[in-house]
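S.K.: Below you will find the structure I want to go over with you.
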Amino acid sequence: MTLDKTQIRNAATVIVLRRGAGGARVLMGQRGAQAAFMPSKFVFPGGAVDAGDAEIALASPLPDLCAGRLTEDCESDISHALAAATIRELWEETGLILGRAGTWSGDIPEDWRSYAATGHVPSAETLQFVFRAITPPGRPRRFDARFFLVEAEHLMTDLDDFSAASEELSHLQWVPLAEVRRVDLPFITEVVLAEIAARVDDPNPPASVPFYRNDDEESLFLRLKGRRPSAVD
């Protein structure tokens, strides 16, 4: 058997949930028709973790439970880098800001300069780790993607203003959760959305985080439970 030699890159994806009288909606955009990965599909904002993301100071870290779950079945603790990448990718691809008002000190990495210029610093306390999936073998690009959920009310900018977004995603829009399967979705996105829809009225972290681990030998469906912090720790 020939093993897939495609490098698996760590990646972060963010599901922004917007509630309203008409029901819950999620923010999605369409990848370009010529994109090497998932062309023309509607996806959540997200992308690969950059080397500098681990060095970005966060005003507040991820919740302990989420950070703990991110270390399961992982060679090293990259929870901080994943949180930073989530915030950066959301800004780059949509122009929406997750963070709080503040100023940066020291040198600002190039990838973060436009974000810093808005007068905000990244903050991860409102992110909730809800899903993990590794791209199956045989694809032109492979990612170990962690999916984070955030309520739109925590964003700092006009939710309908995408003027600062890059051109990586087109047709950015708030798609009603009840109608989202009408658009062209990757299979794994459909699975994630089903998980979100099943617990859309529960603000608490899931009892465990689904993990689709596709490696060169087999595909496994696992559950990441983490360890809830206790008062005696």
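No value in this document is a laboratory result; all are computed from the given coordinates. This structure is a prediction, so every number in the text was calculated from the model and none was measured. Note: ideal-geometry Cβ built from the backbone for every residue, glycine included; neighbour counts use all protein chains shown.
S.K.: Any chance you could list P(r) for the chain, counting all Cα-Cα pairs in 10 angstrom bins from zero, rounded to whole %?
M.R.: Pair shares across the bins are 7, 33, 38, 19, 3, 0.
S.K.: In a Gaussian network model over the chain where Cα atoms closer than 10 Å are linked, find which of Arg182, Arg19, Arg141 has the largest mean-square fluctuation.
M.R.: Judging by the Gaussian network model, the answer is Arg182.
S.K.: For the pair Thr6 and Asp215, how long in nm is the line joining their label points, each one 7 Å along Cα→Cβ?
M.R.: So the two model labels end up 1.8 nm from each other.
S.K.: Neighbour counts of other C-beta atoms within 10 Å: give me Met28, Met156 arranged from fewest to most. Mind dumping the intermediate values first?
M.R.: Working: Met28 24, Met156 14.
Going from least to most buried by this count: Met156, Met28.
S.K.: Would you calculate the separation in nanometres between label points at Phe187 and Thr118, each defined as 7 Å from the Cα along the Cα-to-beta-carbon direction?
M.R.: 3.5 nm
S.K.: Run through the DSSP bridge list for segment 8-224 and note the antiparallel percent, rounded to the nearest 5.
M.R.: On the way: 29 of 41 bridges.
Antiparallel: roughly 70 percent of the beta bridges in segment 8-224.
S.K.: Where nothing but the Cβ of Lys and Arg (+1) and of Asp and Glu (-1) is charged, how large is the charge dipole of segment 8-224 around its Cα centre, in debye to the nearest 20? Don't skip to the end; give the middle numbers.
M.R.: Values: 20 positive and 33 negative charges, 114 e Å.
That gives segment 8-224 a dipole magnitude of about 540 debye.
S.K.: Let me ask another. If you take the beta carbon distance between Lys225 and Ala101 as r and set R0 to 30 Å, what does 1/(1 + (r/R0)^6) give as a FRET efficiency, to the nearest 0.05? Don't skip to the answer; put the middle values down first.
M.R.: Working: r = 35 Å, r/R0 = 1.18.
According to the calculation, E is roughly 0.25.
S.K.: Multiply the residue gap between Ala178 and Ala164 by 0.36 nm, knock off their C-alpha separation, and tell me the result in nm, one decimal place.
M.R.: Details: separation 14, 0.36 × 14 = 5.04 nm, distance 2.81 nm.
Working it through step by step, the gained length comes to 2.2 nm.
S.K.: What value, in deg cm²/dmol to 500, does the helix sum -39500 (n - 2.57) over DSSP H runs of n ≥ 4 give at 222 nm once divided by the residues of the chain? Write out the running numbers ahead of the final one.
M.R.: Details: 4 runs with 39 residues, N = 233.
So the calculated ellipticity at 222 nm is -5000 deg cm²/dmol.
S.K.: Something else: Using amide H atoms built 1.01 Å from N in the peptide plane, name the residues 5+ places from Arg9, or on other chains, whose amide H lies under 5 Å from its own.
M.R.: Those lying under 5 Å, H to H, from Arg9 are Arg142, Phe143, Asp144.
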